[in-house]
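Asker: Before I ask anything, here is the structure I am working with.
The values are calculated or read from the model by the stated rules, or taken from the named source; none is laboratory data. Nothing here was measured: the structure is a model prediction, and the numbers come from that model. FYI the Cβ positions are ideal-geometry reconstructions off the backbone, even for glycines, and counts take in every protein chain you see.
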Amino acid sequence: MIDLVAIVEYAPAIGRGLLVTIEICTVSLFLGLLLGLAVALLGRLPWPPLRWLIRTYVEIWRGTPLLLQLFILYYGGPSIGFLPSAYQAGVLGMTLYTGAYLAEIFRAGFEAVPPGQIEAARMLGFTKLKIVRHIELPQMLALIVPPATNQMISIIKESAVLSVITVPEVTFTTTRIVSETFAVVEPYLLLGLAYWCVTTAVACGSRRIERKLVRA
Amino acid sequence: MLDFSAVIAQLPRMAAGAQTTIWISAAALLCGAALGLLMCAARLSRNPFLRVLAAAFVSLFRGLPLLVVLLILFYVPSSFGIETTPLTAALLGLTLNTAGYQTEIYRAGFLTIPPGHTEAARMLGFSRLQIARHILLPQIFRVTIPALTNEAVDVVKSSGLLSIIAVTELLRISQQIVSSTYRPLETYLVCGAFYFLMSTAVSWLGRSLARHLTPRPA
């Protein structure tokens, strides 16, 4: 029923697709981390319009499906003269999406730093920038490892929807194999296995980092 | 530049699509709650076989993208001669996906209950079913409302993926509207407004339920 020869035959193509998935996720996670951190830091400035703007960004991007956001960029962009390639739309869409989630995670991390420490640092003559750099950031970064890795896993899984706007990642590669060869079971089994291995590996890796941080 | 008139004419169709989104999400969440509670009980049971089964279930459905689960449920059975309708595959896929997450949510909730509660109830002669029904479930439900609210928002958002296997929910209807009006930006923006309203409403409901159920200091 399950054709082992077929599995061997499709594995290289699916492997190449998986590399594209990993590449896109790494790039958009990295950019999303920068964006999320910038947004979280800007949100702490005592300027209400900026805070209101940031809230709107976070709520809207977290409150709508990624697939729809990709449709707006890729199919809606051209109506206002913005013509991204599928790959560009994918990276941009995933960055904005994951940036909104990470901004929330960073914000919660900042709030978890006890205010007494910040008051003490101020008493000791630390400047605002130094407080952020030496007191808040290091503690916040340790606190956010578990939620941030969860976010990483969920963005790897969400990246499957990039296939719908024809980004040549692993789900797209697999659905093309299915439509070209009419083999259904083997390619999809491989696809499921590929995702499961990647997400499980990330989950295990994050647990080890967490244990190390807790001990440190 | 932006012209919403063609899309506004289609608002009733989008509202109907949003209705489908709501009922499919609600059905998946409820079935997922039942399955998730069962899996949580299995995960915490003394039977090692049940424990491994539940752990595998959670690992599988939390480790796979919903899109891949849907593609497998929709295309693989038919190659074995079992015909599935898009709606069956959709409901099953969404249910299994949320059940995986809900299992972990309930387990985390269970672990917050002091073991003394169960011991005291056993001393008072409660049966195991009575303990689950009157001591554990109400407390688990109360502490997990915030996490369940997030999960409900996630389900509403992920239900957009059902468009790919041709379930005529909000996103699918929007795609159909795009192909007849050639107004992708306007249509998808309005579609986004619908999703945003729905997820905001779900968060608001969850927050007020949590407030309502949290005991106030007397």
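Asker: Of all the residues that make up segment A:175-216, how many are within 8 Å of another protein chain (Cβ to nearest Cβ), crowded, with 16+ Cβ neighbours inside 10 Å and among the β-branched types (Val, Ile, Thr)?
Answerer: Of the residues in segment A:175-216, 5 are within 8 Å of another protein chain (Cβ to nearest Cβ), crowded, with 16+ Cβ neighbours inside 10 Å and among the β-branched types (Val, Ile, Thr).
Asker: Now, a different point. Take segment B:1-17 and flag every residue that is part of a helix (DSSP H, G or I) and surrounded by fewer than 20 Cβ atoms within 10 Å (Cβ to Cβ).
Answerer: As a first pass, look at segment B:1-17 and keep what is part of a helix (DSSP H, G or I): B:5-8, B:11-17.
The answer is B:SER5, B:ALA6, B:ILE8, B:LEU11, B:PRO12, B:ARG13, B:ALA15, B:ALA16.
Asker: Would a scan of segment B:86-109 turn up a residue that is in contact with a helix residue (DSSP H, G or I) (Cβ under 7 Å, 6 or more places away or on another chain), of a type in the set (Val, Ile, Thr) and under 27 Å from A:ALA183 (Cβ atoms)?
Answerer: No, segment B:86-109 contains no residue that is in contact with a helix residue (DSSP H, G or I) (Cβ under 7 Å, 6 or more places away or on another chain), of a type in the set (Val, Ile, Thr) and under 27 Å from A:ALA183 (Cβ atoms).
Asker: In addition: Any residue at all in segment A:106-127 that's in contact with a Phe, Trp or Tyr (Cβ under 9 Å, 6 or more places away or on another chain), buried (at least 19 other Cβ atoms within 10 Å of the Cβ) and of a type outside the set (Lys, Arg)?
Answerer: no
Asker: Kindly list the number of the only condition in (1) away from chain B (no Cβ under 12 Å); (2) surrounded by fewer than 21 Cβ atoms within 10 Å (Cβ to Cβ); (3) at pLDDT 90 or above that fails for A:PRO46.
Answerer: (3)
Asker: To continue, here is another question. Could you pull out the residue among A:LEU96, A:LEU70, A:LEU102 that is touching a residue at least 24 places away in the same chain (Cβ under 8 Å), under 16 Å from B:THR187 (Cα atoms) and more than 9 Å from chain B (Cβ to nearest Cβ)?
Answerer: A:LEU70
Asker: Hey, among the residues in segment A:73-93 that are of a type in the set (Phe, Trp, Tyr) and not in a loop (DSSP other than H, G, I, E, B), which one's farthest from the other protein chains (Cβ to nearest Cβ)?
Answerer: Filtering segment A:73-93 for residues of a type in the set (Phe, Trp, Tyr) gives A:74-75, A:82, A:87.
Keeping just the survivors that are not in a loop (DSSP other than H, G, I, E, B) gives A:74-75, A:87.
Details: A:TYR74: 9, A:TYR75: 4, A:TYR87: 18 Å.
My answer is A:TYR87.
Asker: Mind telling me which of the residues B:ILE140, B:ILE165, B:ILE145 ends up being within 20 Å of the chain's Cα centre (by Cα) and farther than 30 Å from B:GLY17 by Cα? Don't jump to the end; show me each part of the working.
Answerer: Values: B:ILE165 fails: farther than 30 Å from B:GLY17 by Cα; B:ILE145 fails: farther than 30 Å from B:GLY17 by Cα.
Selected residue: B:ILE140, the only one of B:ILE140, B:ILE165, B:ILE145 that is within 20 Å of the chain's Cα centre (by Cα) and farther than 30 Å from B:GLY17 by Cα.
Asker: Further, regarding this structure: Within the bounds of segment B:132-154, is there any residue that is without any contact (Cβ under 8 Å) to a residue 40 or more places away in the chain, of a type outside the set (Ser, Thr, Tyr) and at the interface with chain A (Cβ under 9 Å from one of its Cβ atoms)?
Answerer: Among the residues of segment B:132-154, not one is without any contact (Cβ under 8 Å) to a residue 40 or more places away in the chain, of a type outside the set (Ser, Thr, Tyr) and at the interface with chain A (Cβ under 9 Å from one of its Cβ atoms), which makes the answer no.
Asker: In the list A:THR21, A:THR26, which residue meets the criterion of being of a type outside the set (Gly, Ala, Ser), touching an Asp or Glu at 6+ places or on another chain (Cβ under 7 Å) and assigned to a helix (DSSP H, G or I)?
Answerer: Numbers: A:THR26 fails: touching an Asp or Glu at 6+ places or on another chain (Cβ under 7 Å).
Unique residue meeting the criteria: A:THR21.
Asker: In segment A:110-146, what count of residues is obtained for those that are touching a residue at least 60 places away in the same chain (Cβ under 8 Å) and within 12 Å of A:ARG44 (Cβ to Cβ)? Spell out how you get there, then give the answer.
Answerer: Within segment A:110-146, the subset touching a residue at least 60 places away in the same chain (Cβ under 8 Å) is A:110, A:132, A:142, A:145-146.
Among the residues that remain, those that are also within 12 Å of A:ARG44 (Cβ to Cβ) are: A:110, A:132.
Total satisfying the criteria: 2.
Asker: Pull up segment A:112-171, narrow it to residues that are among the aliphatic types (A, V, I, L, M) and not in a helix (DSSP H, G or I), then point me to the one that is nearest to the chain's Cα centre (by Cα). Quick ask: steps written out before the conclusion?
Answerer: First, the residues of segment A:112-171 that are among the aliphatic types (A, V, I, L, M): A:112-113, A:118, A:120-121, A:123-124, A:129, A:131-132, A:135, A:137, A:140-145, A:148, A:152-153, A:155-156, A:160-162, A:164-165, A:167, A:170.
Going one step further and asking which of them are not in a helix (DSSP H, G or I), we end up with A:112-113, A:124, A:144, A:167.
Values: A:ALA112: 22, A:VAL113: 24, A:LEU124: 38, A:ILE144: 14, A:VAL167: 16 Å.
Step by step, filter segment A:112-171, then rank; the result is A:ILE144.
Asker: Further question on the same structure: Quick check: anything in segment B:24-33 under 14 Å from the mean Cα position of the chain (by Cα), part of a helix (DSSP H, G or I), over 27 Å from A:ILE177 (Cβ atoms) and within 14 Å of chain A (Cβ to nearest Cβ)?
Answerer: The first filter runs over segment B:24-33 and keeps only residues under 14 Å from the mean Cα position of the chain (by Cα), leaving B:24-33.
Then keep just the ones that are part of a helix (DSSP H, G or I); that gives B:24-33.
Those still in the list that are over 27 Å from A:ILE177 (Cβ atoms) too: B:24-33.
Within this subset, residues satisfying the condition of being within 14 Å of chain A (Cβ to nearest Cβ) are B:24-25.
Checking segment B:24-33: at least one residue is under 14 Å from the mean Cα position of the chain (by Cα), part of a helix (DSSP H, G or I), over 27 Å from A:ILE177 (Cβ atoms) and within 14 Å of chain A (Cβ to nearest Cβ).
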